[in-house]
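Working notes, beginning with the structure itself.
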């Protein structure tokens with residue numbers, strides 16, 4: 001029997017070997033692939049032939065996957081994979097090392113739905129594509145629709161799901177003083193898509209971190225929150241969008257995915273895959289973000 005892990009391993013092996021034509025056989029005919037953080041606007045592809053048409057040439061890069069961590073979930077069709085792509089852009093000879101996280105739904109040995117989050121900025125820099133990236137953000141517009149009402153929570157507030165909800169909605173509510181209390185005194189929080197970000201290791205570090213909300217006049221609402229419970233009872237993975245403004249910016253919407261480990265009602269580890277690239281573009285700080293590379 002082909003397992004979701006088998007399919008992911010086959011996908012990884014074919015990408016590493018640059019056997020692009022063989023990749024599409026791993027997808028169902030009606031497969032959907034979404035890239036919620038692809039700059040300058042998210043993308044969605046429907047159908048195996050659409051995937052072949054758009055990605056048939058593959059990526060002109062040599063790369064290997066490293067530090068692969070697979071999360072099984074309580075939905076037997078779904079796995080979440082965290083990993084790094086380490087390689088070289090063949091057109092420029094420049095190296096890159098990027099973090100990634102994918103949510104994959106498999107059925108009958110094929111990928112039927114994939115949501116792929118990648119650290120695009122260092123890859124684009126290695127391809128000498130930063131100027132085109134800036135131009136793309138200047139003209140791109142992401143469709144904004146009204147934020148649906150917040151659903152009522154049925155989760156135990158001390159459970160991993162409940163803590164995740166309190167974290168996401170705490171930002172929306174501007175509870176900057178209360179948010180650090182969701183974390184253990186000793187914790188580990190990493191921001192994988194923020195160049196040069198230091199690991200936050202204590203509740204005191206989090207108190208300093210969340211001051212950005214007050215300084216930046218952040219006004220976010222949460223939408224499309226989906227929490228995936230893993231086979232590890234301490235770990236949940238949540239996808240969600242923030243829609244709002246920051247520092248007087250125009251309204252924008254960004255997609256994020258966090259991996260949280262919660263113990264005794266407190267966050268002891270969090271890997272945050274925030275779309276810092278889209279936030280920087282929306283708030284006029286794209287050059288500042290690029291300078292961190």
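The values are calculated or read from the model by the stated rules, or taken from the named source; none is laboratory data. Everything numeric here is computed off the predicted structure, so don't read it as measured data. With ideal geometry, Cβ positions are generated from the backbone for all residues, glycine too; neighbour counts draw on all protein chains shown.
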Unique residue being exposed (fewer than 13 other Cβ atoms within 10 Å of the Cβ), in the same structural domain as residue 123 (by TED's automatic domain parsing) and within 30 Å of residue 233 (Cβ to Cβ) when the list is 76, 36: 76
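Does region 25-46 hold any residues that are free of Cβ contacts under 8 Å to residues at least 24 places away in the same chain and either over 26 Å from residue 227 (Cα atoms) or out of contact with any strand residue (DSSP E or B) (no Cβ under 7 Å at 6 or more places or on another chain) (or both), and which are they? Lay out the reasoning, then the answer.
Filtering region 25-46 for residues free of Cβ contacts under 8 Å to residues at least 24 places away in the same chain gives 25, 29, 43-46.
Residues satisfying the conditions are 25, 29.
Is at least one residue of region 242-260 at pLDDT 95 or above, surrounded by fewer than 20 Cβ atoms within 10 Å (Cβ to Cβ) and within 25 Å of residue 115 (Cα to Cα)? Spell out the reasoning first.
Taking region 242-260 first, the residues at pLDDT 95 or above are 242-243, 253-260.
Filter once more, so that each one left must be surrounded by fewer than 20 Cβ atoms within 10 Å (Cβ to Cβ): none.
Within region 242-260 (the criterion being at pLDDT 95 or above, surrounded by fewer than 20 Cβ atoms within 10 Å (Cβ to Cβ) and within 25 Å of residue 115 (Cα to Cα)), the answer is no, since none of the residues qualifies.
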Region 154-175, subset in contact with a helix residue (DSSP H, G or I) (Cβ under 8 Å, 6 or more places away or on another chain) and modelled with pLDDT under 95, residue farthest from residue 274 (Cα to Cα): 174
Some residue of region 79-86 being modelled with pLDDT of 95 or more, buried (at least 18 other Cβ atoms within 10 Å of the Cβ) and over 16 Å from the mean Cα position of the chain (by Cα): no
Filter result (in contact with a strand residue (DSSP E or B) (Cβ under 6 Å, 6 or more places away or on another chain) and farther than 28 Å from residue 162 by Cα) within region 252-293: 282
Wholly within region 88-180, helices (runs of 4 or more DSSP H) carrying at least 2 residues that are without any contact (Cβ under 8 Å) to a residue 60 or more places away in the chain and out of contact with any strand residue (DSSP E or B) (no Cβ under 6 Å at 6 or more places or on another chain): 130-139, 160-172
Test: residue in region 281-292 that is at pLDDT 95 or above, within 27 Å of residue 83 (Cα to Cα) and within 16 Å of the chain's Cα centre (by Cα): no
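Which residue, of 225, 231, is outside the structural domain of residue 101 (by TED's automatic domain parsing) and touching a helix residue (DSSP H, G or I) at 6+ places or on another chain (Cβ under 8 Å)?
Working: 231 fails: touching a helix residue (DSSP H, G or I) at 6+ places or on another chain (Cβ under 8 Å).
Of the residues listed, the single one that is outside the structural domain of residue 101 (by TED's automatic domain parsing) and touching a helix residue (DSSP H, G or I) at 6+ places or on another chain (Cβ under 8 Å) is 225.
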